[in-house]
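Engineer: Could you have a look at this structure, given as structure tokens, before my questions?
The values are calculated or read from the model by the stated rules, or taken from the named source; none is laboratory data. In this text the structure is predicted, and so the values were computed from the model without any measurement. Here the Cβ positions follow ideal geometry from the backbone for every residue, glycine too, while neighbour counts run over all protein chains shown.
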Amino acid sequence: MTNHRKLIIIGSWPAGHTAAIYAWRANLAPVMFEWFMAWWIAAWWQLTTTTTVENFPWFPGGIQWPELMRRMREQSIESWCTIITKTVDAIDTSVRPFVLTVWQETWTADAVIVATWATAKKLSVPGVDTYWMKGISGCAICDGALPMFRNKIIAVVGWGDVAMEEAIHMSHFGSKVLVLVRTDKLRASKAMQEKAFKNPKIEFLRHTEVQEVLGDGKKITWLRIINHQSAVVTDIEVWGLFFAIWHTPNTWFLKWQVQLDDAGYIVTQPGTTQTSVPWIFAAGDVQDKKYRQAITSAGTWCMAALEAERRLQNT
């Protein structure tokens, strides 16, 4: 059975929901596939790696990410966007209408907007796979309040804003939070650095990397770390490990269908959201590795919806 729509949105986030709202205003009646447990990640999970959002306009005092996403999703539904919690497995851009495979269903679309974000990476060291979800996580907000982390020593790997958010969040539960930074410098904003520096529970271990994750078979209990300045290897007691490092753009289903850069991000024409394939648009973190902000993501999705509308009107 084939289902056809003028416009299909792949992914959610502020980007996808912004596109849905603007697509409704253009009377395009879009369908959004918000992805269900793609890469074992629930829809818009990545946004929950931060807590209170203080830099999103219109919310004095900040707003919690889950609440912001709930409101955006409700507005998409009110805008007559059909939201389907399924994963797009493949897309064929060699034909038009484009053909999408969605859980053994076939959908076609005259235009497609891709908003599949980027997923946080795990460290590739011994013990990570063994203790993944047994004390190791990529989402402190999702898992940080679990009893296993309370009043324990926690480690966060990273050096950007997300790492600072994770460390600050875990300081509410753990007895101490160790932030492991592989160099001497942080990439987090000055505001986030200052918050972390002022927190008495947070300690920074610079020039430090994880060599191995150790445990009792059921949960993580130790980290083997190395200081690159002194070359000293140390085992430290740790009962939780959270990754807040590089991201991988979720574009595996687009391989050979649109142009990607060496890191897998979708290449768009400068100043637009147009990909290498006409009528395929991309915005948000799936094509943005510089700003990575919710507000810029939403802005580019407004652009994508408007560009799709104009393109469809001219066909």
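Engineer: Among the candidates Leu186, Leu205, single out the residue that is part of a loop (DSSP other than H, G, I, E, B) and among the aliphatic types (A, V, I, L, M).
Structural biologist: Working: Leu205 fails: part of a loop (DSSP other than H, G, I, E, B).
The match here is Leu186.
Engineer: What residue, of Met148, Met192, is in contact with a helix residue (DSSP H, G or I) (Cβ under 9 Å, 6 or more places away or on another chain), farther than 30 Å from Ala305 by Cβ and not in a strand (DSSP E or B)?
Structural biologist: Numbers: Met148 fails: in contact with a helix residue (DSSP H, G or I) (Cβ under 9 Å, 6 or more places away or on another chain).
Answer to the selection: Met192.
Engineer: Looking at the stretch 1-40, which of its residues are crowded, with 24+ Cβ neighbours inside 10 Å, in a helix (DSSP H, G or I) and either at pLDDT 70 or above or touching a Cys at 6+ places or on another chain (Cβ under 8 Å) (or both)?
Structural biologist: His17, Thr18, Ala19, Ala20, Ala23
Engineer: Next question, about the same structure. Pick out the one residue from Thr82, Thr130, Thr108 that is closer than 30 Å to Gly217 by Cα, touching a residue at least 24 places away in the same chain (Cβ under 8 Å), of a type in the set (Val, Ile, Thr) and surrounded by fewer than 20 Cβ atoms within 10 Å (Cβ to Cβ).
Structural biologist: Details: Thr82 fails: closer than 30 Å to Gly217 by Cα; Thr108 fails: closer than 30 Å to Gly217 by Cα.
It is Thr130.
Engineer: Would the stretch 210-219 turn up any residue that is under 26 Å from the mean Cα position of the chain (by Cα) and modelled with pLDDT under 95?
Structural biologist: Yes: one or more hits.
Engineer: For Ile202, work out the one condition from (1) crowded, with 16+ Cβ neighbours inside 10 Å; (2) farther than 30 Å from Asp261 by Cβ; (3) modelled with pLDDT under 95 it doesn't fulfil.
Structural biologist: Single failed check for Ile202: (3).
Engineer: Something else: Out of all the residues in the stretch 144-162, which are at negative phi, more than 16 Å from the chain's Cα centre (by Cα) and in contact (Cβ under 8 Å) with a residue 12 or more places away in the chain? Show your work before the answer.
Structural biologist: Here is the first cut: in the stretch 144-162, the residues at negative phi are 144-150, 152-157, 159-162.
If we keep only those that are more than 16 Å from the chain's Cα centre (by Cα) too, we end up with 144-150, 152-157, 159.
Gly144, Ala145, Met148, Phe149, Arg150, Lys152, Ile153, Ile154, Ala155, Val156, Val157, Trp159, listed by residue number.
Engineer: Taking only pairs six or more apart or across chains, which ones have beta-carbon atoms under 7 Å, a first residue in the stretch 166-182 that is assigned by TED's automatic domain parsing to the domain that holds Ile154, and a second residue that is aromatic (Phe, Trp, Tyr) and assigned to a loop (DSSP other than H, G, I, E, B)?
Structural biologist: Hits for this filter: Val181/Trp159.
Engineer: Cβ-Cβ below 6 Å, separation at least six or inter-chain, first residue in the stretch 21-34 and assigned by TED's automatic domain parsing to the domain that holds Gln75, second assigned to a loop (DSSP other than H, G, I, E, B) and modelled with pLDDT of 75 or more: which pairs?
Structural biologist: From the stretch 21-34, the pairs are Ala23/Pro30; Pro30/Cys81; Met32/Cys81; Phe33/Lys86; Glu34/Thr85.
Engineer: Please specify each residue of the stretch 221-234 satisfying the condition of being in contact with a Lys or Arg (Cβ under 8 Å, 6 or more places away or on another chain) and closer than 16 Å to Phe204 by Cα. Spell out how you get there, then give the answer.
Structural biologist: Keep residues of the stretch 221-234 that are in contact with a Lys or Arg (Cβ under 8 Å, 6 or more places away or on another chain), which gives 228, 233-234.
Scanning the stretch 221-234 gives His228, Thr234.
Engineer: Take the conditions outside the structural domain of Trp132 (by TED's automatic domain parsing), at pLDDT below 70 and assigned to a loop (DSSP other than H, G, I, E, B) and apply them to Ala43. Does it pass?
Structural biologist: Numbers: outside the structural domain of Trp132 (by TED's automatic domain parsing): yes; at pLDDT below 70: yes; assigned to a loop (DSSP other than H, G, I, E, B): yes.
For Ala43, the condition - outside the structural domain of Trp132 (by TED's automatic domain parsing), at pLDDT below 70 and assigned to a loop (DSSP other than H, G, I, E, B) - is met.
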